[in-house]
Amino acid sequence: MKQLLTLIILTMPLLAFAIENKPISPNVEIIRHKVSKNTDSNIFGHILDAETEEHIPYATISIKGTTIGCAANSSGHYIINNMPEGEHLVVASALGYESVEVLINIERETSIELNFSLNESSTLVDEVVVSATRNETNRRQTSTVVNVASTKLFEGTASSALSEAMNFQSGLRVENTCGNCGAPQLRINGLEGQYSQILLDSRAIFSSLAGVYGLDLMPVAMVERVEVIRGGGSALFGSNAIGGVVNIITKDPVRNTLSLSNTTNIMEDGTPDINTSLGGAFVSDDYKMGAYVFGQVKARDGYDRNDDGFSDITKLRSETVGFRAYYKTSAHSRLTAEYHHIHEFRRGGDKHMEAPHKAMICEQLDHNIDGGGLRFDLFPNMRHRASIYLSAQGIGRSSYFGTDMNPNAYGSTSDFTMVGGGQYTYNYKAGLPAELTAGIEYNYNMLNDIYHATNRRLEQHTSTVGLFAQNEWKSEKINILVGFRLDKHNMIDAPIFAPRANVRYSPIEDLGLRLSYSSGYRAPQAYNEDLHIDARNHSVSIIEIDPNLRPEFSHSLSASADYYRTFGRLQANLLIEGFYTMLDDVFTLENTHETTDDEGNNYIYKIRRNAAGANVGGITAELKLGIPSIFDVQVGYTFQKSRYVELERWSEDVEAQRTMFRSPDHYGYMNTNFTITDNFNASLFGTFTGPMLVQHAAYTDISGVEHPDSEKRTESFWDFGFKLGYTFNLSDVVNIEVNLGVKNIFDSYQRDLDVGAGRDSAYIYGPSLPRTYFFGVKLFM
């Protein structure tokens, strides 16, 4: 593989000379005005809808390669003063429109009237993403498939946390893995949650501890979009990126805005789930400074599906505050700062109003999280860009995992993660325009976890120094990217080499063909699933790490066809992707022994060990259709097989088999939005989950009969919902939206939940919510 990559790198410049790179002609009107002497040069103009010729309010005008830019006003007009002399690439963009670029020459004491006409886009093909190459790239032109979950998706599905919204992406599933604590798990291409690397603004500050409840901890109030790459991503982002990368991009202030919203959910039995959020962006008149401030409060009571006195959906209380701010230190440099504080309390089991050790089953956690980061970007010209960054996050957690009123089942955890590094990008020409990116990154994590019932103490210090480099040759016709990352992890003797290679070829303008190879690895350390303790069947299940655990590696191959077509105003995009991931020395769990202490409390021990390997392969199809300002439809379907290489057995009570658990062969989603009038909109959304194999650990039913460990193939689930919203325009800038709807209309929910204190709390599958009615109000300006 290394020799092949070397050959590709040496031959790409030769290929580059043979391919033509044609410029795009934007729809732009340029009028030059001579002004009086000693007057600063500037550009001004308006931005129009190309179809209706109406002005587009709050469009963004930026000068590529600098910090210069502004937002148009409510009438769609803009002005940028004090423009530096020389050639500049001006970019006009707006949400729901294709961006336009134009090259202009600024002369001294000259004003240029620069008017733009933008074409509407309903399929969001013109989005800018950063996860594909660690640099801003047009999503359609990337050599790697990047899925994007945007604010529009969050609002259309009435999602208050990322755990609700991420089901509506191809190849992704979010499921609840514990009826007591409600731990969500994001699965990419069928692989368990621990195979995915969660990033915050491209930084790996989500530690193993934060990853247990990570998607529930991130309110959508602070999120601009989420970018998802399926397949190994260690060549870009280091350890843990085996199955894919989830990059959470926080909101950046662009213009002055303010919003206050509340969504109240009522489950089928009357259980409330109330979410209130506040967000405001504040930008100085000269656009040199800006800040986005956010806050969210969530309160949800526990939900008991079968009325046995034990919760099936966790009681939850959380408060989040934070900000993201920037200061443009010059026309070619910018300082960005981000901070967030999250407090979250969750509890499951019975007797929620009493102390944890007064309950027959209780899992209770209280998190306090503080994190943030600094980044300094420098781009002296269009050819050179550099950045340095430092991010950190600290977590304090108090916990209780116990059964049968155990007074000793309390615990505490402290966790600190730091990521620092630098990155340099150089643009040059080698037949084709090319972009070289290289950098260094240091990642450190300190974890201390104590569980008093068994006196388990986990002290773990991990550190990784990574060097990464990649080169991409790119044009309208072809993109060729090769790169690698070299990591030295303190728990692995030899350095880890993680290569990647990607090709995008467009035989015609509307078709993009991609071929990709990527790799990933996981170090032999404690991960999020190892820090979760199950309280079930009068016992507590604890995971231990095999002292001989070896690193786990992945190799991911994918091939895709991405087709775009316009039929009059109807825009269409069809993406078909085949994927295959090979896992070597895969991590797996096996029951080992049980113990009982002097007070009669029972403990089940599992060991994290290596298995021979596993293979995951399949095909994903995604269709997007839409007419701008009328409707858009997005439908995705995945067929896959997830199998161990050799027979695996997790319990002596079951037969060994190769099927990976909780990995259905079929699943999909749909999301549609309709603009009925300028003020009235509707959305319809849903997911499908096919049958899958799940584990059912030993349990005792309400009649006292004990049942051994077993396995079950589940039924299929259809989970659909809708939302209706109407906006009242109180003034030119102040608006109120009122919305209502239903989630899980057909109340598609697990029908064989265990009952009573002897239940298996991990035996839970299917939609995470029962039929739920919601009502919302949003004030925005």
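The values are calculated or read from the model by the stated rules, or taken from the named source; none is laboratory data. In this text the structure is predicted, and so the values were computed from the model without any measurement. When we count neighbours, we look across all protein chains shown, and the Cβ atoms used for this are built from the backbone with ideal geometry, even at glycine. Remember, those area values only see protein heavy atoms, side chains included, never the ligands or the DNA or RNA. Shrake-Rupley method; radii C 1.70, N 1.55, O 1.52, S 1.80 Å.
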How many residues, within segment 63-88, are open to solvent by 40 Å² or more (accessible area, probe 1.4 Å) and either free of Cβ contacts under 8 Å to residues at least 60 places away in the same chain or of a type outside the set (D, E, K, R) (or both)?
-> 10
Filter result (polar (S, T, N, Q) and surrounded by 18 or more Cβ atoms within 10 Å (Cβ to Cβ)) within segment 615-650 = T620, Q634, T638, Q640, S642
Number of positions in segment 284-307 that are more than 17 Å from P272 (Cα to Cα), touching a residue at least 60 places away in the same chain (Cβ under 8 Å) and open to solvent by less than 30 Å² (accessible area, probe 1.4 Å) = 2
Is one or more of the residues making up segment 171-180 surrounded by fewer than 24 Cβ atoms within 10 Å (Cβ to Cβ), among the hydrophobic types (A, V, I, L, M, F, W, C) and touching a Leu at 6+ places or on another chain (Cβ under 6 Å)?
-> yes
Of the conditions (1) surrounded by fewer than 24 Cβ atoms within 10 Å (Cβ to Cβ); (2) at pLDDT below 85; (3) in contact with a helix residue (DSSP H, G or I) (Cβ under 6 Å, 6 or more places away or on another chain), L217 fails just one. Which one is it?
-> (3)
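Quick one: count up the residues across segment 414-459 that are among the polar types (S, T, N, Q) and within 30 Å of N502 (Cβ to Cβ).
7
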Looking only at residues in segment 408-431 that are at pLDDT below 90 and surrounded by fewer than 17 Cβ atoms within 10 Å (Cβ to Cβ), which one is nearest to H340 (Cα to Cα)?
-> N408
Result of the Cβ filter at 6 Å on segment 629-648, keeping first residues that are closer than 28 Å to D49 by Cα and at pLDDT 90 or above and partners that are basic (K, R) and open to solvent by less than 60 Å² (accessible area, probe 1.4 Å), at least 6 apart or interchain, is Q634/K624
S207 open to solvent by less than 20 Å² (accessible area, probe 1.4 Å), hydroxyl-bearing (S, T, Y) and within 22 Å of the chain's Cα centre (by Cα) | yes
Could you tell me which numbered condition L153 fails, if it satisfies all but one of (1) touching a helix residue (DSSP H, G or I) at 6+ places or on another chain (Cβ under 7 Å); (2) assigned to a strand (DSSP E or B)?
-> (2)
Please tell me if I313 is at pLDDT below 95, crowded, with 17+ Cβ neighbours inside 10 Å and in contact with a helix residue (DSSP H, G or I) (Cβ under 8 Å, 6 or more places away or on another chain).
-> no
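Okay, residues lined up against (1) assigned to a strand (DSSP E or B); (2) open to solvent by less than 50 Å² (accessible area, probe 1.4 Å); (3) free of Cβ contacts under 8 Å to residues at least 40 places away in the same chain:
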{"residue": "D719", "(1), (2), (3)": "yes, yes, no"}
{"residue": "F746", "(1), (2), (3)": "no, no, yes"}
{"residue": "A757", "(1), (2), (3)": "no, yes, no"}
{"residue": "F775", "(1), (2), (3)": "yes, no, no"}
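Might you check whether a residue that is farther than 30 Å from V586 by Cβ, modelled with pLDDT of 90 or more and among the charged types (D, E, K, R) occurs anywhere in segment 461-472? Explain how you work it out, then say what you get.
Within segment 461-472, the first condition is being farther than 30 Å from V586 by Cβ, and the residues that meet it are 471-472.
After this cut, where a residue has to be modelled with pLDDT of 90 or more as well, the list is 471-472.
Narrowing further to those that are among the charged types (D, E, K, R): 472.
Taking every residue of segment 461-472 in turn, at least one turns out to be farther than 30 Å from V586 by Cβ, modelled with pLDDT of 90 or more and among the charged types (D, E, K, R).
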When S768 is evaluated against the numbered criteria (1) touching a strand residue (DSSP E or B) at 6+ places or on another chain (Cβ under 9 Å); (2) surrounded by 15 or more Cβ atoms within 10 Å (Cβ to Cβ); (3) farther than 30 Å from S277 by Cβ, which criterion, by number, is the only one it fails?
-> (3)
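Would you mind listing the strands (runs of 3 or more DSSP E) fully within segment 320-433 where at least 3 residues are under 22 Å from L236 (Cβ atoms)?
On the way: elements: 333-349, 361-378, 384-403, 410-430.
Hits in segment 320-433: 361-378, 384-403, 410-430.
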Under the condition of being in a strand (DSSP E or B) and open to solvent by 40 Å² or more (accessible area, probe 1.4 Å), which residue from segment 546-560 is nearest to V503 (Cα to Cα)?
-> A559
Of all residues in segment 451-506 being farther than 14 Å from Y521 by Cα, assigned to a strand (DSSP E or B) and acidic (D, E), the one that is most open to solvent (accessible area, probe 1.4 Å) = E459
